[in-house]
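Some notes on the structure that comes next.
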């Protein structure tokens with residue numbers, strides 16, 4: 001059982017380049033999320049999806065786009081990378097247990113550097 | 001808007017001793033969930049423990065327990081019999097409850113815990 005898989009694990013971009021981060025989950029979860037982690041700031045929500053074909057903005061959506069064409073995949077795109085987007089990016093998916101509240105499962109993260 | 005604050009950027013503890021990590025939060029919600037996540041050097045986020053606000057009993061999970069003080073909006077994590085493998089960054093997180101809940105987590109800044117041999 002792979003859980004949540006993120007590709008790539010590391011990437012270096014030049015300012016202005018574009019790239020797509022891929023998140024795949026094999027747990028049949030409806031909800032998926034993209035977070036970024038910066039030193040001293042914890043994880044902040046970029047975008048999320050509550051089902052196939054749906055996306056919504058989180059706390060820090062500017063400069064990013066997302067797509068959820070298939071239930072198991074959630075893509076995060078950077079159209080024109082900026083040094084401020086240097087960060088570690090985490091994808092997560094969640095399910096709703098019988099006891100209530102969502103339980104999130106995280107991928108291993110992608111470290112992105114923008115020069 | 002909800003906020004989560006972890007006021008201890010770094011802490012250390014001797015192996016086999018007990019340590020408590022602090023977390024406070026601000027919300028106008030009455031029902032919600034609180035979490036502690038562990039992030040070891042591998043970077044993987046691991047759920048440690050979860051508390052439902054409408055339950056008065058503090059959650060426990062083996063060596064990990066919480067002290068949930070709803071009125072004070074405090075949610076501390078106690079690690080007993082600390083082990084070297086507990087060395088990690090620990091994040092406190094908040095989640096709303098109810099029909100508007102989409103499972104979004106609001107995280108604190110994190111506390112780096114070093115367990116010394």
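Within this structure, residue B:85 passes the test of being at pLDDT 95 or above and surrounded by fewer than 22 Cβ atoms within 10 Å (Cβ to Cβ). Scanning region A:51-85 for residues that are part of a helix (DSSP H, G or I) and farther than 15 Å from residue A:11 by Cβ returns a single hit, A:84.
If you check B:24, B:5 for being within 25 Å of residue B:98 (Cα to Cα), surrounded by fewer than 18 Cβ atoms within 10 Å (Cβ to Cβ), modelled with pLDDT of 95 or more and more than 10 Å from the chain's Cα centre (by Cα), only one passes: B:5. Does residue A:69 count as exposed (fewer than 14 other Cβ atoms within 10 Å of the Cβ), in contact with a strand residue (DSSP E or B) (Cβ under 9 Å, 6 or more places away or on another chain) and more than 9 Å from chain B (Cβ to nearest Cβ)? Considered against the rule, which asks whether it is exposed (fewer than 14 other Cβ atoms within 10 Å of the Cβ), in contact with a strand residue (DSSP E or B) (Cβ under 9 Å, 6 or more places away or on another chain) and more than 9 Å from chain B (Cβ to nearest Cβ), residue A:69 comes out as yes. Looking across A:61, A:98, A:39, A:83, one residue alone is on the phi < 0 side of the Ramachandran plot, in contact with a strand residue (DSSP E or B) (Cβ under 8 Å, 6 or more places away or on another chain) and exposed (fewer than 13 other Cβ atoms within 10 Å of the Cβ). It is A:83. One residue alone among A:39, A:98 is under 28 Å from residue B:92 (Cβ atoms) and more than 10 Å from chain B (Cβ to nearest Cβ), and that residue is A:98. Looking across region B:43-66 at every residue that is surrounded by 15 or more Cβ atoms within 10 Å (Cβ to Cβ), part of a strand (DSSP E or B) and within 12 Å of the chain's Cα centre (by Cα), the one that is farthest from the other protein chains (Cβ to nearest Cβ) is identified as B:65. The listed residues are A:48, A:105, A:33, A:89, and the only one of them that is within 14 Å of another protein chain (Cβ to nearest Cβ), touching a residue at least 12 places away in the same chain (Cβ under 8 Å), surrounded by fewer than 19 Cβ atoms within 10 Å (Cβ to Cβ) and part of a strand (DSSP E or B) turns out to be A:105. Within region B:28-42, the only residue that satisfies the criterion of being within 10 Å of chain A (Cβ to nearest Cβ), closer than 25 Å to residue B:1 by Cβ and not in a strand (DSSP E or B) is B:31.
The values are calculated or read from the model by the stated rules, or taken from the named source; none is laboratory data. Quantities reported herein were computed from a predicted structural model and do not represent experimental measurements. Note that each Cβ is placed from the backbone with ideal geometry, even for glycine, and that neighbours are counted across all protein chains shown.
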